[in-house]
Amino acid sequence: QVRLVVPIAVAFSPGSVPGDLPRPLPFRDAQEMEITVNLRTSVTSHYKMVYRGTTAQEEAALAAATAREADAALRLLQDASIGSLTMYVVPETSSLLPQGISVYVGKHRSALVRAGGSLAALQARLQQVTQLMSFTATSMAAALSDRVPDGQLSPDARRYLKSSLGFEITFSLLNPDPKSHAVDWDIEGAVNCYVKPVLDKLSLVANFSVDSQILYYAVLGVTPRYDKESSSFLLSTHSLPHVINPVEARLGSSAASLYPVLNFLLYVPERSHSPLYIQDKDGAPVSTNAFHSPRWGGIMVYNVEASASPQASLPLHVDVDMARVMEVFLAQLRLVFGLSREELPAEFLLENPGNEGLADWELDHLLWAHTVENIATVSTTLTSLAQLLDKIGNIVIKDDVASEVYRAVASVQSAVAKLGQGHLHSAFQASKEAVTSSERAFFDPSLLHLLYFPDDQKFAIYIPLFLPMAVPILLSLAKIVRETRQRKKEPTKMD
């Protein structure tokens, strides 16, 4: 049973304090909610709330012209520890929030909330914001998807990548027609400009490595349909799953990889199939001309404008607009990690994280989910190991394997304890150590079950070897026993 404690500070600015507060400020309160995963597993969320008034510095920051400026100024004044949240309650008449907006969620670990009149209305609003910025029942179910009964899991939950100590990201340019198109892409500059800031932030979650490649004469493996009306070629939704297998055979990136590989492919259609567009389920063209494959990556089709003069020399030189391409790939990267924005009420306004790719609270959202998932993974691994050891009675457990098991148990207990104290960062680090130790123990070569034979297999192996030798020995022993008995029966002769 895991208990997730979220420290929350609720700061009331002047004129926003509800009239029905039970006690004068400051005071503490707590709210608990149980998320049931299955009959044996549940996660308890405990919101540890501190209600207080704003300081003079915070009031000065809240006097900013826009919510974005206030969010930037408040970042320097709030508790920036991972997993903690700060809610600033502003008066109902405040002009800081745009008209019709009750909640503004910034790029960091704070939100601006319009006072709701009564404490109950405010608490309901705060609960919505808190779940959005920390974890929801859906995100916990996705993290524990292996334990959720079939039919109770949303389709989106299976889209997300499972927690891992590392990930490899491969950007591939597919040019099936190099005779017609000489494609040039500045992938190194694009990775440094767009991808590196995102991965620097995600480095807290896992290790990342990035590589790129250009593949010539690599086709999609699906023949697009020609549309006379638009004079273009179309790829329908039902044909998209058949695109990946032929392409993946050419990528070769996952063959020697220790970690999950994310593939992002830029496909420049051959001249005979240009322009090429992807259709959605309703038959309308997809605006990004790209599609996402859960837990795998994504493919974007990049059409080359046909040359105006028919005598243009081939191959045509193509400079890829990397800003447009990377915008699509980063959106797909967010989808793979489960950072897609859920359906929110109209009164919620979320700040764009900008060049960093994800907000601080979204990083916390990932850490909550991955910590719980790591704890569940360690539990499953150690249970499987215990069942293996029970099944094979003569297995030899070395001291280093035993120490890894003890270390895994100690680390996972530490992770659960840290979660119960609200220390998300240290809990995540402990859960990572627990996963590493449990995997080392489980995959230790000395525990390979083929090294140890059950008794029935031993008899099956050794009887054909020893039986031919044992037969004459047994017959000789029987003969000796018979002769001994006869000798005893014969009366001794007396002279």
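The values are calculated or read from the model by the stated rules, or taken from the named source; none is laboratory data. Fair warning: this is a prediction, and the values are worked out from it, not measured in the lab. Backbone-built Cβ (ideal geometry, glycine too); neighbour counts: all protein chains shown. Ligands, DNA and RNA are stripped out before the accessible areas are found, and what is left, the full protein with its side chains, is counted by its heavy atoms. Shrake-Rupley method; radii C 1.70, N 1.55, O 1.52, S 1.80 Å.
Within region 95-135, being open to solvent by less than 10 Å² (accessible area, probe 1.4 Å), among the polar types (S, T, N, Q) and part of a loop (DSSP other than H, G, I, E, B) holds for one residue alone: Ser134. Applying the selection to region 164-196, what residues are among the basic types (Lys, Arg) and assigned to a helix (DSSP H, G or I)? Within region 164-196, Lys196 is the sole residue that qualifies. Restricting attention to region 53-78, which residues are surrounded by 14 or more Cβ atoms within 10 Å (Cβ to Cβ), of a type outside the set (A, V, I, L, M, F, W, C) and not in a helix (DSSP H, G or I)? Listed by number, the residues that qualify are Gly53, Thr54, Gln78. Do we find that Lys418 is closer than 30 Å to Ala80 by Cα and touching a helix residue (DSSP H, G or I) at 6+ places or on another chain (Cβ under 6 Å) in this structure? It is true that Lys418 is closer than 30 Å to Ala80 by Cα and touching a helix residue (DSSP H, G or I) at 6+ places or on another chain (Cβ under 6 Å). Take the conditions (1) over 21 Å from Asp186 (Cα atoms); (2) assigned to a strand (DSSP E or B); Arg250 misses just one of them, which is (2).
Glu343 satisfies every condition listed in (1) in a helix (DSSP H, G or I); (2) open to solvent by 20 Å² or more (accessible area, probe 1.4 Å) except (1).
Ser239: touching a residue at least 12 places away in the same chain (Cβ under 8 Å) and either within 26 Å of the chain's Cα centre (by Cα) or over 22 Å from Leu161 (Cβ atoms) (or both), yes or no?
yes
Under the condition of being open to solvent by 40 Å² or more (accessible area, probe 1.4 Å) and either part of a strand (DSSP E or B) or not assigned by the TED database to the domain that holds Leu76 (or both), the residues counted in region 38-49 number 1.
Please go through region 365-393 and pick out each residue that is modelled with pLDDT under 90 and of a type in the set (D, E, K, R). Answer for region 365-393, where residues must be modelled with pLDDT under 90 and of a type in the set (D, E, K, R): Asp390, Lys391. Restricting attention to region 154-199, the residues that are closer than 30 Å to Ala430 by Cβ, open to solvent by 70 Å² or more (accessible area, probe 1.4 Å) and at pLDDT below 90 total 3.
Contact map, region 469-492: first residue free of Cβ contacts under 8 Å to residues at least 60 places away in the same chain, second residue open to solvent by 100 Å² or more (accessible area, probe 1.4 Å) and assigned to a helix (DSSP H, G or I), Cβ cut-off under 9 Å, separation 6 or more or different chains; the map is empty. Of the residues making up region 79-94, those that are surrounded by 16 or more Cβ atoms within 10 Å (Cβ to Cβ) and within 28 Å of the chain's Cα centre (by Cα) are Ile82, Gly83, Ser84, Leu85, Thr86, Met87. Pairing residues of region 372-396 that are among the charged types (D, E, K, R) with residues that are open to solvent by less than 50 Å² (accessible area, probe 1.4 Å), at Cβ distances under 6 Å and at least 6 apart in sequence or on separate chains, gives Glu373/Ala143; Glu373/Ser163. When the criteria are applied in full, Ser209 fails the requirement of being part of a strand (DSSP E or B), open to solvent by less than 20 Å² (accessible area, probe 1.4 Å) and polar (S, T, N, Q). Considering region 136-148, the residues that are part of a helix (DSSP H, G or I) and among the small types (Gly, Ala, Ser) include one that is surrounded by the most Cβ atoms within 10 Å (Cβ to Cβ), namely Ala143. Open to solvent by 40 Å² or more (accessible area, probe 1.4 Å) and among the aliphatic types (A, V, I, L, M): is that true of Leu25 in this structure? Here the answer is yes, as Leu25 does meet what is asked. Please determine whether any residue of region 456-469 is surrounded by 10 or more Cβ atoms within 10 Å (Cβ to Cβ) and closer than 29 Å to Val401 by Cα. Checking region 456-469: at least one residue is surrounded by 10 or more Cβ atoms within 10 Å (Cβ to Cβ) and closer than 29 Å to Val401 by Cα.
Could you tell me whether region 388-400 includes any residue that is assigned to a loop (DSSP other than H, G, I, E, B), in the same structural domain as Asp364 (by the TED database) and of a type in the set (S, T, N, Q)? So far as region 388-400 goes, yes, one or more of its residues are assigned to a loop (DSSP other than H, G, I, E, B), in the same structural domain as Asp364 (by the TED database) and of a type in the set (S, T, N, Q).
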